[in-house]
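One structure is given below, encoded as structure tokens.
Every number in this text was worked out from the coordinates using simple rules, so none of it is lab data. Since the structure is predicted, the reported quantities are computational estimates derived from the model, not experimental observations. Please note: Cβ atoms are built from the backbone with ideal geometry, for glycine as well, and neighbour counts cover all protein chains shown.
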Amino acid sequence: MAQLDTAAASTAGKRPGVCRMKKTVPRIDMTPMVDLGFLLISFFVITTELSRPGGLPLFMPKDSKASPTKLGDSYALTVLLTQGKHYYYEGEWKKAEQENRIRETSLTGLREIISRKQKILDDTIKYKEGRKGLMLLIKAAENASYTSVVDALDEVVINAVEKHAIIAISDAEKNWLRQRE
């Protein structure tokens with residue numbers, strides 16, 4: 001609060017009958033203002049440290065001429081992303097196409113499919129790795145939206161799928177998708 005200091009008033013020139021007006025020197029206490037400044041500075045420093053944007057680490061295989069890594073059919077779950085519809089199948093493409101095991105799904109239904117596959121891997125004794133062995137392959141068609149890919153990666157994080165990859169869609173899968181459109 002502002003306070004008036006009356007001690008510094010001039011006392012010179014006193015004469016009888018003449019009354020001079022006392023001069024006051026205003027003194028402003030800046031302590032609350034400095035406290036507020038430090039609080040604001042500390043608030044902004046802390047919030048900028050806490051709100052750093054995070055990202056999902058994405059590990060891509062090296063481009064090499066070596067043979068591709070073999071993946072057990074029972075651990076593989078492939079998701080085909082297109083503009084309007086999304087499909088999934090388990091195992092190898094040729095077997096899934098021959099046995100008509102390619103199913104349509106939505107991105108909201110993908111969570112249930114992944115969790116069901118993880119439960120099967122956990123419950124069956126022959127799968128040593130259990131749910132950690134699940135390999136989710138995400139294949140986006142040319143007309144798939146970026147949002148669909150990000151939503152699929154969100155499902156990877158939500159379901160704690162440790163092994164996942166975004167790979168190119170094969171020609172056979174492209175032809176199959178064209179027939180469905």
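Please give me the summed charge of the neighbours of THR124: other residues whose Cβ is under 13 Å from its Cβ, Lys and Arg +1, Asp and Glu -1. Before the final figure, lay out the partial values.
Values: positive: ARG116, LYS117, LYS119, LYS126, LYS128, ARG131; negative: ASP122, ASP123, GLU129.
Result for the local shell: +3.
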Is there a pair in LYS94/LYS128; LYS139/LYS163; LYS95/LYS174; LYS85/LYS139 whose C-alpha atoms are over 20 Å apart, and which pairs would that be?
-> LYS94/LYS128
Taking the simple approach of a point 7 Å from Cα along Cα-to-Cβ for both LYS94 and THR124, what is their distance in nm?
-> 2.1 nm
Quick one: which of 147-155, 169-177 comes out on top by average Cβ neighbours within 10 Å, and what's the full order, highest first?
-> 147-155, 169-177
Scoring segment 76-180 by relative contact order with C-alpha pairs under 8 Å, at least six apart, yields a percentage of 30 percent
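Are there trypsin sites (Lys or Arg not before Pro) in segment 114-143 that DSSP marks as loop and that have at most 10 other Cβ atoms within 10 Å, and which are they? Present the calculation step by step, with values, prior to reporting the outcome.
Numbers: sites: ARG116, LYS117, LYS119, LYS126, LYS128, ARG131, LYS132, LYS139; in loops: LYS126, LYS128.
Qualifying residues, ordered by number: LYS126, LYS128.
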Cβ under 15 Å from LEU80's Cβ, LEU80 left aside: what net charge do those residues give with Lys, Arg +1 and Asp, Glu -1?
-> -2
Taking 0.36 nm per residue of separation between MET135 and LEU39 and subtracting their Cα-Cα distance, the length gained on full extension comes to 29.6 nm
Residue-wise HN-Hα coupling along segment 32-43, computed from phi with Karplus coefficients 6.51, -1.76, 1.60 (Hz; x: Gly, Pro) = x, 5, 5, 4, 4, x, 5, 5, 5, 4, 5, 4
With label points set 7 Å from each Cα along the Cα-to-Cβ direction at GLN83 and MET21, the distance between them in nm comes to 8.3 nm
Once both labels are modelled 7 Å past Cα along the beta-carbon direction, what's the ASP29-ILE166 spacing in nm?
-> 6.0 nm
Kindly write out, for segment 136-147 in residue order, the coupling ³J(HN,Hα) from the Karplus curve 6.51 cos²θ - 1.76 cosθ + 1.60 (θ = phi - 60°), rounded to whole Hz, with x marking Gly and Pro.
-> 9, 9, 9, 10, 9, 6, 4, 9, 6, 7, 4, 4
